[in-house]
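*Asks:* First the structure, then my questions, so here it is.
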Amino acid sequence: MRVCVNLADYEQAAKLRMTKSAFGYYAAGAGDELTLRANVEAFQRLRLRPRMLVDVTQRDPSTTLLGHRVPMPVTVAPMGFHRLAHPEGELATVRAVTGQGLIFVASTMATSTLEAIAAAATGRLWFQLYCFRDREITRSLIRRAEAAGYSAFQLTVDVPVLGRREADIRNNFQLPEDCRVANLEPYGLGSIRGGSDRESSAQEYTDRLFDASLTWETVDWIRSQTRLPVMLKGILRGDDAARGIDHGATGIVVSNHGGRQLDSGVSTFEVLPEIVQAVRGRVPVLIDSGVRRGVDVVKALAVGASAVQLGRPVLWGLAVDGQAGVERVLSLFRMELDNALALCGCPNLAAIGPDLIARRFAEF
Ligand code: FNR
C-alpha cells in the first residue's frame, strides 16, 4: 500500500477498500455536486499573508469549546453509518477521536447505539439530533443522550427532506442487514431498505420519518426538553444565525451537509463572514463542509470561526485502517495545522486574525 501523506490520499485508499455503493453513499453530493465542489474550492481560493520573524518554537493550537479544553479547534462532524467503513464502526471512531482529546459528535443515524458509543468514549461527546415527525422518538433520544452523558446537542436543521444524491439511486444503495440504524431500533425503525429508480432507500426512509414541518417553534420545543446547550447545524445565512441566537441556540454550525442537500447552495466558507458578523461573538461559530487541510483551520479562524468540523476524511481513515486509520487522519491534520501556524507566524490561536487574509480577498 502506498503511504497516505494527506487526507485526499485516504479518500483514494478508502475507495479501493469499499464497495461502490458504500463509497458512493459517503462521497456523493446532491445533484450535479456543484456545492460539494464549491465547498473545497472556497477554502482553496483564500490566500494568506504570513507574518515573519515571530518566535514560533513553542506552538499551542489548543482552545476551549463550550467550556471544554481541546487540543485543537477541530471536532468530528456527525455522520451516519460508520459500519459501512469498518465492522467496529462508530466505536472505533469514537475511541480514536476522544483518545486524542477531541470532541466526537455522534449522529442520530449511527450504526452503534448512542449508549455504546458513550461506553467506548474516553472524552467529551455531543449528540446530533434529527427531529422526527413522531415527537416521542425525538424526546426519547434527548433523554437517552442526557442519561448517557452527552454534554450538548447539535440540532440539524437542513434536512426537511433528503437531498437527491443520485449516486445512491444509481447504485441502489441499501444498508446491509448487519448495519442497523441502532438508535432507532427500539422504535422499530432500525432497517433502511427499499428505494426505486426514482428515489434511494435513504431518501424514502428519511422523507417518511423526518419532519418537514420544522420551524423556529420546534427549536423552542427542543430547548424546552433539555437543559443542555443546543447548537443549530446547517445554518447558511446571517439572519438565520441571529434568529437562532434569539431562540436560545448556544452555537451555530455553518454547514451545507457536505454538499448533500441543496445543490447550488452556497459554500460554507463563502458565507462565514456574514454569519460571524451576525453572531457578534455571542456564541461559538463552527464550520464544516470542505475542510480538507490543516491550513483551512487557520483560514476559518482568521475569518472569525471558533472551530471546524471534519467530515468525510474521518470516514476514509476508518475505512482504511479502523481506529488506527482515524487516529492517523487526525494526527496528519494536526501536523498540517501546526505547520501552517508556524509558517503564518502564529504561536497560538489568539495570534490568528483578519490581517492574515490577503487584501484581494477582503470580501471574506
Ligand atoms: C453526513 N452528515 C450528517 N449530518 C448530520 O447532521 N447527521 C447525519 O447523520 C449526517 N450523516 C452524514 C453521513 C455522511 C456519509 C456524510 C458524508 C455526511 C453531514 C456532516 O455532519 C457534515 O456536515 C459534512 O460531512 C461536512 O462536510 P465534509 O467535511 O464531509 O465535506
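The values are calculated or read from the model by the stated rules, or taken from the named source; none is laboratory data. Worth saying up front: this structure is predicted, and the values here are computed from it rather than measured. Counting neighbours? That spans all protein chains shown, and the Cβs are built from the backbone with ideal geometry, glycine included.
*Asks:* Among the numbered criteria (1) farther than 23 Å from Ala307 by Cβ; (2) in contact with a strand residue (DSSP E or B) (Cβ under 7 Å, 6 or more places away or on another chain), which single criterion is violated by Tyr130?
*Replies:* (1)
*Asks:* Is it true that Arg51 is at pLDDT 95 or above, of a type outside the set (Gly, Ala, Ser) and touching a Cys at 6+ places or on another chain (Cβ under 7 Å)?
*Replies:* On the way: at pLDDT 95 or above: yes; of a type outside the set (Gly, Ala, Ser): yes; touching a Cys at 6+ places or on another chain (Cβ under 7 Å): yes.
Yes.
*Asks:* Every residue in the stretch 104-125 that is under 16 Å from His82 (Cβ atoms) and either in contact (Cβ under 8 Å) with a residue 40 or more places away in the chain or assigned to a strand (DSSP E or B) (or both), please. Show your work before the answer.
*Replies:* Start the filter on the stretch 104-125 by keeping residues that are under 16 Å from His82 (Cβ atoms), which leaves 104-121, 125.
Listed by number, the residues that qualify are Phe104, Val105, Ala106, Thr108, Met109, Ala110, Thr111, Ser112, Thr113, Leu114, Ala116, Leu125.
*Asks:* Quick one: in the stretch 230-243, of everything that is more than 13 Å from the ligand (Cβ to nearest atom) and not in a helix (DSSP H, G or I), which residue is nearest to Ala152 (Cα to Cα)? Before the answer, list the steps.
*Replies:* Narrowing the stretch 230-243 to residues more than 13 Å from the ligand (Cβ to nearest atom): 230, 237-243.
Filter once more, keeping what is not in a helix (DSSP H, G or I): 230, 237.
Details: Val230: 6, Arg237: 23 Å.
Among residues in the stretch 230-243 that are more than 13 Å from the ligand (Cβ to nearest atom) and not in a helix (DSSP H, G or I), the one nearest to Ala152 (Cα to Cα) is Val230.
*Asks:* Kindly indicate whether any position in the stretch 64-71 is out of contact with any helix residue (DSSP H, G or I) (no Cβ under 6 Å at 6 or more places or on another chain) and on the phi > 0 side of the Ramachandran plot. Please lay out each step first, then the result.
*Replies:* Narrowing the stretch 64-71 to residues out of contact with any helix residue (DSSP H, G or I) (no Cβ under 6 Å at 6 or more places or on another chain): 64-71.
Of the ones still in play, those that are also on the phi > 0 side of the Ramachandran plot are 66-67.
Checked the stretch 64-71: at least one residue is out of contact with any helix residue (DSSP H, G or I) (no Cβ under 6 Å at 6 or more places or on another chain) and on the phi > 0 side of the Ramachandran plot.
*Asks:* Give the residue, chosen from Ala319, Ala305, that is touching a residue at least 12 places away in the same chain (Cβ under 8 Å), part of a helix (DSSP H, G or I) and either within 12 Å of the ligand (Cβ to nearest atom) or over 27 Å from Met18 (Cβ atoms) (or both).
*Replies:* Numbers: Ala305 fails: part of a helix (DSSP H, G or I).
The match here is Ala319.
*Asks:* So, of the residues in the stretch 277-291 that are within 24 Å of Leu262 (Cα to Cα) and over 12 Å from the mean Cα position of the chain (by Cα), which turns out to be surrounded by the fewest Cβ atoms within 10 Å (Cβ to Cβ)?
*Replies:* Keep residues of the stretch 277-291 that are within 24 Å of Leu262 (Cα to Cα), which gives 277-279, 285-291.
Now restrict to residues that are over 12 Å from the mean Cα position of the chain (by Cα): 277-279, 285.
Numbers: Gln277: 12, Ala278: 20, Val279: 24, Val285: 24.
Checked the stretch 277-291; the qualifying residue surrounded by the fewest Cβ atoms within 10 Å (Cβ to Cβ) is Gln277.
*Asks:* Moving to a separate point now. Let me confirm something: among Asp197, Asp296, Asp263, which residue is within 16 Å of the ligand (Cβ to nearest atom), farther than 22 Å from Gly353 by Cα and not aliphatic (A, V, I, L, M)? I'd like the intermediate steps shown before the answer.
*Replies:* Numbers: Asp197 fails: within 16 Å of the ligand (Cβ to nearest atom); Asp296 fails: farther than 22 Å from Gly353 by Cα.
Exactly one residue qualifies, and that residue is Asp263.
*Asks:* Which of the numbered conditions does Asp220 fail, given that it passes all the others? Conditions: (1) among the acidic types (Asp, Glu); (2) touching a Phe, Trp or Tyr at 6+ places or on another chain (Cβ under 8 Å); (3) surrounded by fewer than 19 Cβ atoms within 10 Å (Cβ to Cβ).
*Replies:* (2)
*Asks:* Cβ-Cβ below 6 Å, separation at least six or inter-chain, first residue in the stretch 329-353 and of a type in the set (Phe, Trp, Tyr), second part of a helix (DSSP H, G or I) and crowded, with 20+ Cβ neighbours inside 10 Å: which pairs?
*Replies:* The qualifying pairs are Phe333/Gly294.
*Asks:* What are the residues in the stretch 228-239 that are surrounded by fewer than 19 Cβ atoms within 10 Å (Cβ to Cβ) and within 25 Å of Asp263 (Cβ to Cβ), if any? Can you show your working first?
*Replies:* We begin by selecting, within the stretch 228-239, every residue surrounded by fewer than 19 Cβ atoms within 10 Å (Cβ to Cβ); these are 228, 237-239.
Hits for the stretch 228-239 are Arg237, Gly238, Asp239.
*Asks:* Which members of the stretch 1-14 meet the condition of being more than 14 Å from the ligand (Cβ to nearest atom) and either part of a loop (DSSP other than H, G, I, E, B) or touching a Phe, Trp or Tyr at 6+ places or on another chain (Cβ under 6 Å) (or both)?
*Replies:* The answer is Met1, Arg2, Val3, Cys4, Val5, Asn6.
*Asks:* For the stretch 23-42, indicate whether the set of residues that are of a type in the set (Val, Ile, Thr), within 16 Å of the ligand (Cβ to nearest atom), within 30 Å of Leu341 (Cβ to Cβ) and assigned to a helix (DSSP H, G or I) is non-empty. Can you show your working first?
*Replies:* Kept after step one, since they are of a type in the set (Val, Ile, Thr), are these residues of the stretch 23-42: 35, 40.
With within 16 Å of the ligand (Cβ to nearest atom) added as a condition, the list becomes 35, 40.
After this cut, where a residue has to be within 30 Å of Leu341 (Cβ to Cβ) as well, the list is 35, 40.
Still in the running and assigned to a helix (DSSP H, G or I): 35, 40.
Yes, the stretch 23-42 contains a residue that is of a type in the set (Val, Ile, Thr), within 16 Å of the ligand (Cβ to nearest atom), within 30 Å of Leu341 (Cβ to Cβ) and assigned to a helix (DSSP H, G or I).
*Asks:* Which pairs have Cβ atoms under 8 Å, sit 6 or more apart or on different chains, and link a residue in the stretch 141-155 that is farther than 13 Å from Arg227 by Cα to one that is of a type in the set (Gly, Ala, Ser)?
*Replies:* Note: pairs meeting the criteria are Ala148/Ala118; Gln154/Gly251.
*Asks:* Still on this structure: Identify the residue in the stretch 90-103 that is in contact (Cβ under 8 Å) with a residue 40 or more places away in the chain and part of a helix (DSSP H, G or I) and, among all such residues, is nearest to the ligand (Cβ to nearest atom).
*Replies:* Initially, the stretch 90-103 is screened for residues in contact (Cβ under 8 Å) with a residue 40 or more places away in the chain, giving 92-93, 95-97, 99-100, 102.
Within this subset, residues satisfying the condition of being part of a helix (DSSP H, G or I) are 92-93, 95-97, 99.
Working: Ala92: 16, Thr93: 12, Arg95: 19, Ala96: 17, Val97: 14, Gly99: 21 Å.
Of everything passing the filter in the stretch 90-103, Thr93 is nearest to the ligand (Cβ to nearest atom).
*Asks:* Output the residue which, of all residues in the stretch 43-52 that are part of a helix (DSSP H, G or I) and not charged (D, E, K, R), is farthest from Ala302 (Cα to Cα). Give the steps one after another, and end with the answer.
*Replies:* Pass one, the stretch 43-52, residues part of a helix (DSSP H, G or I): 43-45.
Narrowing the set further to residues that are not charged (D, E, K, R) leaves 43-44.
Values: Phe43: 12, Gln44: 14 Å.
Among residues in the stretch 43-52 that are part of a helix (DSSP H, G or I) and not charged (D, E, K, R), the one farthest from Ala302 (Cα to Cα) is Gln44.
*Asks:* Just a yes or no: is a residue in the stretch 53-60 within 14 Å of the ligand (Cβ to nearest atom) and part of a strand (DSSP E or B)? Outline the logic, then answer.
*Replies:* If we filter the stretch 53-60 for residues that are within 14 Å of the ligand (Cβ to nearest atom), which is where we start, we get none.
Scanning the stretch 53-60, I find no residue that is within 14 Å of the ligand (Cβ to nearest atom) and part of a strand (DSSP E or B), so the answer is no.
So that you can scan it fast, the table gives a plain yes or no per residue for (1) in contact with a Gly (Cβ under 7 Å, 6 or more places away or on another chain); (2) within 16 Å of the ligand (Cβ to nearest atom); (3) polar (S, T, N, Q):
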| position | (1), (2), (3) |
| --- | --- |
| Thr206 | no, yes, yes |
| Phe210 | no, yes, no |
| Leu214 | no, yes, no |
| Arg223 | yes, no, no |
| Leu228 | no, no, no |
| Ile245 | no, no, no |
| Ile275 | yes, yes, no |
| Leu286 | yes, yes, no |
